[in-house]
Amino acid sequence: MESLDYKTLLHCVTQNVAEGILIADKLGIIVLYNDMMSQLEKTKKEDALGRHIRDVFSYIPEEKSTLSRALNEGKRTENLQQTFINQYGKEVMTINTTVPIKNDRGEIIGAIEIAKDITNIKNLSNTLMDLQGKAMEKNKGKSAEIKRYTFDHLIGQNRDFLQAIEKSRRAARVNASVLIYGETGTGKELIAQSIHYESDRKKKPFLAQNCSALPESLLEGILFGTAKGSFTGAVDREGLFEQADGGTLLLDEISAMPYNLQSKLLRVLQENYIRRLGATKDTPVDVRIIATINQPAEELIAAGKLRTDLYYRLKIIEINIPPLRERTED
């Protein structure tokens, strides 16, 4: 294939993706700047192409520029949350991955940056967190007007199902972490709620978070909270751990939690304290963790989706819920 054909193919691919893409050569000159990146940065393509990255992104300090690190040090940066104010004064938040481009001899010949706009997702998560915090404040001292599931709602005669219920009842009498395995639709959250509302923590909050619903940087802020100044526009905000203090936090689909974040969760389980994003001090928390998975743990560990040490920390009590197709008598 001719060189021109490669360029045409590359241009076609990069113009038809939902992420912003920028490619700079080894001197830092921008040689590709797709339409989505132009929209994110609010910079015309003609004002970026052919210019040095430091001229186009002068608002980013040299030492914090992932493109500079990739070109000068060969460092790869993955899923980094970045917040900046564009030329129209609008705050934009992105998740960026920057990778050095090397030839066959291992020499750096350029760098590529891929950016995904998460401004709307971040704003939505902040709104949800604020509303949840206000609702919890409003309901202090009141019985929460939400649907609560208890063991009385779990009906069946299947032996394995009844054994799972009995094990869950025993789990309600202690404070140990619980790992619930069951296929989608087997009622894992109903079991988790039943354990909480039959435990000594029943008058404290029960909160749930699906770990597959958000990217790592947003999920970390939602779980641990944020400190003012940790990134542009950040405010002091409690995370789910602080909101659930004294109660129970259900982490649904724990294997979807990024591997790096799983290690931070493990530390919370071991030390019983959290640190908000951007904070310099730790906050003690008393939260019981109930986690769920919808695939066998052995398969998730083998696939690198679940940390072995986290698995053993969670499975102090392990409950397996059989699917309905195996409970013909029900």
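The values are calculated or read from the model by the stated rules, or taken from the named source; none is laboratory data. As the structure is a prediction and not an experimental result, all values here were calculated from the model. Positions of Cβ are generated from backbone atoms using ideal geometry, with glycine treated the same way; all protein chains shown enter the neighbour counts. Only protein heavy atoms, including side chains, enter the accessible area calculation; ligands, DNA and RNA are left aside. Shrake-Rupley method; radii C 1.70, N 1.55, O 1.52, S 1.80 Å.
Assorted remarks:
- Gain on full stretching of the segment that runs from LEU80 to ASN210 - 0.36 nm per residue minus C-alpha separation: 44.7 nm
- Label reach from THR97 (point 7 Å along Cα→C-beta): in segment 278-313, amide nitrogens under 20 Å belong to 303-307.
- Proximal charge balance of SER68 [Cβ under 15 Å; K/R count +1, D/E count -1]: +1
- Surrounding net charge for MET36, when Lys and Arg each add one and Asp and Glu each subtract one, Cβ distance under 13 Å: -2
- Pairs beyond 24 Å (Cα-Cα), from LYS167/LYS202; LYS204/LYS305; LYS116/LYS281; LYS42/LYS75: LYS204/LYS305; LYS116/LYS281; LYS42/LYS75
- Charge context of GLY187, other residues only, Cβ under 13 angstrom, K/R +1, D/E -1: -2
- Segment 174-217, accessible area per residue, ligands and nucleic acids excluded (1.4 Å, Å²): 44 Å²
- Residues of segment 275-292 with amide N under 17 Å of a point placed 7 Å along Cα→Cβ from LYS167: 290-292
- Label-to-label distance, ASP236 versus GLU63, with points set 7 angstrom from Cα along the beta-carbon direction: 2.7 nm.
- Per residue accessible area in Å² of segment 231-330, where ligands, DNA and RNA are left out and the probe is 1.4 Å: 48 Å²
- Annotation: aspartates and glutamates with alpha-carbon distance below 15 angstrom to LYS203 (same-chain offsets under eight excluded): GLU137, GLU145, ASP245, ASP286.
- Dipole magnitude of segment 229-330, debye to nearest 20 (Cβ charges: Lys/Arg +1, Asp/Glu -1, about Cα centre): 400 debye
- Gain in span if fully extended, LEU10 to VAL31, counting 0.36 nm per residue against the direct Cα distance: 6.4 nm
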